[in-house]
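The values are calculated or read from the model by the stated rules, or taken from the named source; none is laboratory data. Not measured: the values here are computed from a predicted model. Positions of Cβ are backbone-derived with ideal geometry, glycine not excepted, and every protein chain shown enters the neighbour counts. Accessible surface areas use protein heavy atoms only, side chains included; no ligands, DNA or RNA. Shrake-Rupley method; radii C 1.70, N 1.55, O 1.52, S 1.80 Å.
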Amino acid sequence: MLAQQQPSPGPITAPQIEYPAILPVLILLGAACLGVLFEAFLPKYNRWAAQVTLSLLAIIGAGVALIVYVGDSPEGGLTTLYRTIAVDRPALFLWGTLLTLGLGAVLLIADRTVERGGAFTPQAGIRPGTVQDRAQAATGGMQTEVFPLTLFALSGMLIFCAANDLLTMFIALEVLSLPLYLMCGLARRRRLISQEAAVKYFLLGAFASAFFLYGLALLYGYAGSVKLADIANAAAGTDRSDTLLFAGLGLLVVGLLFKASVGPFHAWTPDVYQGAPTPITAFMAACTKVAAFGGILRVLTVGFQTTSWEWRGVLWAVAIISMVIGAVLGLTQTDVKRMLAYSSIAHAGFLLVGAIALRPEGLSGTLFYLLTYGFTTLAAFGAVSLVRDSNGEATHLSQWAGLAKRSPVLAAVFTFLLLAMAGIPLTSGFVGKFVVFSAGIKDGMAPLVVIALIASAVAAFFYLRVIVLMYFSDPAPDGPSVTVPGTFTTVAITLGVLVTLVLGVVPAFAINWAGSGAFAF
């Protein structure tokens with residue numbers, strides 16, 4: 001007996017693509033691919049100028065395309081590419097933040113005056129400390145592959161915080177992560193520490209990606225879809241067992257919290273921040289934090305808001321742990337970069353307060369906090385790269401004693417940035433904490449906000465310790481010197497300081513933009 005013939009499937013319809021909405025991403029991806037071709041076909045002595053020009057033009061072009069689109073964008077946002085990408089007001093705010101921070105990071109990466117030849121090794125394949133390594137370093141060249149890698153990572157960040165389904169989010173996570181793993185191991189100085197940082201970041205990042213992917217699989221088994229809106233609909237009106245739902249959510253959140261360096265999933269952060277080239281540390285600390293929390297906000301708000309009573313208690317505990325780890329262990333650090341890493345962990349706990357508020361004020365407050373934190377951190381790591389001795393960057397705290405007597409301008413700039421991280425009034429850090437904690441109180445999280453205020457006060461101690469060390473200690477006779485920054489580093493630090501100051505004095509326009517719309521799905 002012949003089997004019944006199955007009807008032939010209909011023609012596959014092409015997805016509707018809103019090209020103006022995703023043009024910033026397309027520009028960055030196209031420039032990154034062109035940068036790879038530059039590496040293949042341009043002579044080595046022409047690559048640096050070509051790559052710097054291409055990277056800066058790509059980011060500026062993506063920014064112009066974003067500004068043009070914002071003027072004509074629908075108020076409620078839109079979805080495109082089979083609803084895999086949601087271009088809404090929060091996504092546009094995050095894209096603008098990432099592009100501006102990416103511009104500052106590329107300027108730090110491109111600078112070749114602070115360290116002769118740049119902060120990156122001329123050839124990564126040569127073993128550290130060998131004759132070939134010293135000979136390559138003497139030429140002053142640098143690994144120009146960092147520029148297309150930076151553009152790939154930045155484009156992945158843009159896609160990550162606009163992804164409307166979990167599979168697209170996972171692909172974007174890998175696109176942003178893999179270049180960072182490579183760039184962490186390319187430091188010109190302290191090569192072994194740099195390569196160790198890259199290996200640690202890669203191994204722990206692979207575990208986190210596996211958690212994310214397993215969570216995605218469980219949620220697909222529960223909802224029959226990887227789209228956030230479909231998962232929300234299944235969670236709101238189904239008689240299926242919630243085991244798959246909450247197991248999947250737990251694994252998914254582990255992967256997201258790792259990328260945001262939220263305690264207790266922070267183990268990679270101090271070692272990687274210390275070992276990576278400082279421009280890459282600045283790029284990770286600023287841009288990766290923005291992208292990760294952008295993804296966390298979208299997942300919790302769009303996909304799991306209806307089940308918030310089941311998971312909010314867990315994230316309360318995670319936020320408290322992150323604040324305590326960052327504030328307490330930050331007190332014990334003797335390295336400036338590691339201290340800023342634990343500061344990042346504490347700030348991640350503060351950001352989580354706004355992320356779990358699930359109110360319009362929580363969304364706008366968290367977006368504004370990400371904006372302020374990103375620029376302050378970018379400028380802080382730029383300032384750290386200027387204090388140097390014969391071995392490279394002088395990051396041990398004892399070497400910063402009396403720095404104000406050697407360079408009053410740098411000490412004043414770094415003091416201002418530390419005060420912003422501590423949340424002192426007339427800085428963007430104060431306004432950021434104020435709007436996030438206010439959203440937490442309105443959502444009934446007063447006990448969590450009290451803990452956050454205590455942790456913020458504790459964290460302020462290790463910021464003040466550095467300030468006291470710079471101003472009230474005598475410099476060592478053989479202490480480090482302060483390198484005169486090049487144009488690129490000067491522009492990057494100035495950009496961060498000005499944004500920190502302006503958002504501390506007149507923050508209303510940025511807060512209003514951050515709260516101009518909700519997520520589309």
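Quick one: ranking His396, His266, His347 by accessible area, 1.4 Å probe, largest first, what do you get?
These residues rank, largest area first, as His396, His266, His347.
When 1/r is averaged over all different Cα pairs and the result inverted, which Kirkwood radius in Å belongs to the stretch 367-521?
16.9
How many percent of all Cα-Cα pairs in the stretch 153-214 sit more than 14 Å apart?
Numbers: 1105 of 1891 pairs.
When every Cα pair of the stretch 153-214 is considered, 58 percent fall beyond 14 Å.
Work out Dmax and Rg for the chain from the C-alpha atoms and quote the Rg first, both in angstrom.
23.0, 97
Keeping all protein chains in place, calculate the accessible area per residue for the stretch 198-268 (probe 1.4 angstrom), answer in Å².
Accessible surface, normalised per residue, equals 42 Å².
Between rounded, prolate and oblate, where does the stretch 480-521 land on the alpha carbon gyration tensor, with a ≥ b ≥ c its root eigenvalues, rounded for a/c under 1.5, else prolate if a/b exceeds b/c?
Numbers: a/c = 4.37, a/b = 2.49, b/c = 1.75.
Note, shape of the stretch 480-521 comes out prolate.
Could you bin all the Cα-Cα distances of the stretch 337-381 into 5 Å bins starting at 0 and give me the percent of pairs in each, rounded to whole numbers?
Once binned at 5 Å, the Cα pair distances of the stretch 337-381 give 5, 22, 27, 22, 14, 7, 2.
Among 308-318, 242-252, how do they line up by average Cβ neighbours within 10 Å per residue, starting with the highest?
Numbers: 308-318: 15.1, 242-252: 18.4.
Descending mean neighbour count gives 242-252, 308-318.
Tabulate in residue order the Karplus-calculated ³J(HN,Hα) for the stretch 273-279, using 6.51 cos²θ - 1.76 cosθ + 1.60 with θ = phi - 60°, rounded to whole Hz; enter x for Gly and Pro.
For the stretch 273-279, the Karplus curve yields 4, 6, x, 5, x, 4, x Hz.
Per residue of the stretch 485-491, in order, report the coupling 6.51 cos²θ - 1.76 cosθ + 1.60 (Karplus, θ = phi - 60°) as ³J(HN,Hα) in whole Hz, putting x for Gly and Pro.
Once rounded to whole Hz, the list reads x, x, 4, 4, 5, 4, 5.
Considering only protein heavy atoms, with the full assembly of protein chains and a 1.4 angstrom probe, order Phe375, Phe41 by accessible area, largest first.
Details: Phe375 10, Phe41 165 Å².
The ordering from most to least exposed comes out as Phe41, Phe375.
Share of the stretch 240-287's accessible area from carbon and sulfur, percent, 1.4 Å?
64
In the stretch 372-499, carbon and sulfur make up what percent of the accessible area (probe 1.4 Å)?
That fraction is 74 percent.
Tally Lys/Arg at +1 and Asp/Glu at -1 over every other residue whose Cβ is under 10 Å from the Cβ of Lys227; what's the total?
Charge balance in the 10 Å sphere: -1.
On average, how much accessible surface per residue is there in the stretch 301-346, in Å², for a 1.4 Å probe, leaving out ligands, DNA and RNA?
35
Whole Å is fine, so just give me how far the alpha carbon centre of the stretch 234-269 lies from that of the stretch 31-104.
Centre-to-centre (Cα) distance: 30 Å.
In nm², what is the average projected area of the convex hull enclosing the Cα atoms of the stretch 26-118?
Mean orientational projected area (the stretch 26-118, Cα hull): 7.3 nm².
For an R0 of 25 angstrom, estimate the FRET efficiency from the Cβ-Cβ distance between Arg116 and Leu192 and round to the nearest 0.05. Intermediate results must be reported in sequence, preceding the final value.
Working: r = 20 Å, r/R0 = 0.82.
E between Arg116 and Leu192, to the nearest 0.05, is 0.75.
Report the Stokes-Einstein translational diffusion coefficient (µm² s⁻¹, integer) for the stretch 396-457, Rh taken as the Kirkwood radius over Cα pairs, at 10 °C with viscosity 1.306 mPa s. Could the numbers behind the result be given before it?
Details: Rh = 13.5 Å.
Diffusion coefficient, whole number: 118 µm²/s.
Round to a whole number: what % of the accessible area of the stretch 150-208 belongs to carbon and sulfur, probe 1.4 Å?
Whole-percent figure for carbon plus sulfur exposure: 82.
Whole number in Å², please: accessible area per residue of the stretch 362-456, 1.4 Å probe, ligands, DNA and RNA not counted.
Details: 2840 Å² over 95 residues.
It amounts to 30 Å² per residue over the stretch 362-456.
Listed highest first by mean packing, meaning other Cβ atoms within 10 Å per residue, what order do 483-491, 23-31, 92-100, 366-374 come in?
Sorting 483-491, 23-31, 92-100, 366-374 by mean packing, highest first, produces 366-374, 92-100, 23-31, 483-491.
What full-extension length gain, to one decimal in nm, is calculated for Ala476 and Phe509 as 0.36 nm per residue of separation minus the Cα-Cα distance?
Gain on extension, Ala476 to Phe509, equals 7.3 nm.
Starting from the Cα of Thr243, step 7 Å along the direction of its Cβ; do the same at Asp389; then give the gap between the two resulting points in nm.
If labels sit at Thr243 and Asp389, their model points lie 5.9 nm apart.
Starting from a Cα-only point model with no solvent, please compute log10 I(q)/I(0) by Debye for the stretch 264-414 at q = 0.17, 0.20 1/Å.
Values, matching the q order: -0.98, -1.24.
On the Cα set of the stretch 424-502, report Rg and Dmax in Å, please.
For the stretch 424-502, the Cα radius of gyration and maximum Cα-Cα distance read 17.8, 55 Å.
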